[in-house]
1. To make sure I understand, if each residue's beta carbon is the centre and we count other beta carbons within 10 Å, what order do B:MET106, B:MET65 fall in, fewest to most?
2. Radius of gyration and Dmax for region A:237-392's Cα atoms, expressed in Å?
3. If you average the alpha carbon positions of region A:42-89 and of region A:230-304, how far apart do those two centres end up, in angstrom?
4. For region B:2-259, just list the percent of Cα-Cα distances falling in each 5 Å bin from zero outward, please.
5. Three principal axis extents, largest first, for the C-alpha atoms of region A:98-184, in Å?
6. Of all the Cα-Cα pairs you can form in the protein assembly as shown, what percent are over 32 Å apart?
7. Report the relative contact order of chain A, percent, no decimals, based on alpha-carbon pairs under 8 angstrom and at least 6 residues apart.
8. Taking the alpha-carbon centroid of each part, what is the distance from region B:2-39 to region B:218-260 in angstrom?
Amino acid sequence: MSAKSERISIVSAGAVTPIGQDLDSFWSGLLDGADGISGVERFPVADLRVGRGGEIKKLTRAVDWRRVPDCRATRLLVSAADDLCEQSGQRALDVEPARLAVVVGTALGGVEEGERALRGGSARRLRGALYDAPARRLARWLGARGPAVTVSTACASGATALAIGAGMLRRGEADAVVAGGYDILCRFVMRGFDGLRSLTRERVRPFDRRRSGLLLGEAAGLVLLRREREAGARRLGTLLGYGSASDATHIAAPDLEGRGIERAVRGALTDAGVGPEAIDFVSAHGTATPLNDSAEAAALRRVLGPRGGAVPVNSIKGALGHTMGAAAALEAIVCLLAGRYGLVPATLGLEERDPACDLDCVQGSPRATRPRVSLSTSLGFGGCNAALVIESA
Amino acid sequence: MRAPAIRAVGLLSGWGPGAGAVPADAAAAATGCALLTLARPAVTHERFRRSRRESLLGIAAVGAMLEDAGVGAEAIAGERTALLFATAAAYAASNRDFIETRIGGMYFPYTAVAAVPAEAAIEFGITGPYEILVGGPTATLRAVARATALLESGACDRALVLAVEIFEECADLFARARGGLARPLVEGAGCLWLEPGEGTLSFDQRRGVPRETGGARQRFGEMLACEPVMALALARDGSAAGPLRLQGAWRGESARLEWSRNPYRMRRAARPERRRIA
């Protein structure tokens, strides 16, 4: 069997988000239209134009926090991993520690530890500021002794992490990979986006005519990847394909025509061995910034061709805010759950469709449809674009 | 994996340009100096008004690689070139400046790890597959393995592996957090040009650090993610046809790459057939 023909199963998933701190409450929150946006309380925001976001007020999972460093990024990851372990059942993660790998994506890593260290924190906290520190701590918590890898393709990081995890399984580097993404809401990133005037004072409205910007959120989303022949009967789906591309146009803004994300999607379809006609659902990046949504919509219309106006599309950022490094992983999980439950959540905040985003965005209430093959798209700072093609079980 | 050939290497380091400037023993050559820096490349174009030193060094490394290859930028422009970036801490200086409000909101995008490869992609028009790994030498070795997989799959015709590390702006912090770092700290920026080659490449990463992985650091100091690029640049002058083995360690993990044949001395293979979906 060639490396590429080895199918990679997504066995289970775990999530901690502003609308739910386990997979089931995350999903039911999306279906019920839960709004995770609130005033930020964990750090000062009074000097910022916008002080709202998708903040998790309290981590509620019953984890022994004495075993986990006092680092919010690590704690988000551990919370999601705790849910993943619960969702997986005991046997799924029962692999030799040296054969269990961790691959996580992040835009911010342990930057908040850097903020604290610069205020006089310890050398240990300073080492925790390196962006790969939380992944290593997650590996330690899981008891994983295989490779611990961190990727940082900005807000596309979660998708890159899943692809690298799949590659590790295909090459036989590991027998199981915990892969996904995370990022926290902290003053560093709030001040950054506030300074760029990217945050909206209104509601987050993906693909809406009145959209005026994004709000940030914090979350972690993880999946358990295994080779299909070792995955067992219980699984959420299959990672069919991945593509990535650079915009090479601007340090922060997306390519206005969406050429980068188009290349990433075409690459993912090629990698998956399917054509655009196979796509039943798109879990879009949909940040609700004027530039992103129109560029992404244009790219999707070009790739999907005549079916572009008929394939259901949603964005979860109206409910969670933009969770950065976690976004792509959570959006991939949405693809899997939509296939499992036969429902596509509505795009919270979308009320008046923008003719410039001529897509079939699910609006108002969930749509009863059972996507078999889904596409997840992600764009980020630095012209990072990534796409995943996912088949539901 | 089918091994990639190395067509060219661009390398700048605190020791000077290229591999020829590297001493036999870093500690002796540094004569007590804890840090060897790289100057900010002199650029005047308006586009670079907010660019950080690490980004400009990344661009300079790609430029040095093109010079080594004897070709112009058009040879790597476009969607058939993949760009993979690795660093352990190149973002630390911009993060610190932003935290300590030495720079304003418009500089925020430059705090991202992705800022360095983004500037290189923009400068050279590289629009193909794009991945960024965070870590020390292990991240760069994995980036070479990922590049090899992309070449093998036909996702690209050539892959650039770029690594950048700077220390000067955070020298006090590195001194505080020194745990496990060799002396001296040596800033670097390096870029490898990989193309489909012959023979095989094997890669593995595991917990634990074999004793022999310290040799490179003894020779040229602590270069974090730039270490494998430096090691490959130094290996170029070896006359053996192969194999070539590289090792690197970072935070309790080690990684190893092994070419079955010398990657500088192999004939470049024909391009893999590009898979298309109608």
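1. Ordered from fewest to most neighbouring Cβ atoms within 10 Å, B:MET106, B:MET65 come out as B:MET106, B:MET65.
2. Here Rg and the maximum Cα pair distance are 13.8, 39 Å.
3. 28 Å
4. In order of increasing distance, the bins hold 1, 6, 14, 19, 20, 18, 12, 7, 3, 0, 0 percent.
5. So the extents along the principal axes, rounded to whole Å, are 44, 27, 15.
6. Tail of P(r) above 32 Å: 43 percent of Cα pairs.
7. 22 percent
8. Each part's Cα centre sits 12 Å from the other's.
Each reported figure results from applying straightforward, stated rules to the coordinates on display, with no laboratory input. This structure is a prediction, so every number in the text was calculated from the model and none was measured. Note that we place each Cβ from the backbone using ideal geometry, even for glycine, and neighbour counts take in every protein chain shown.
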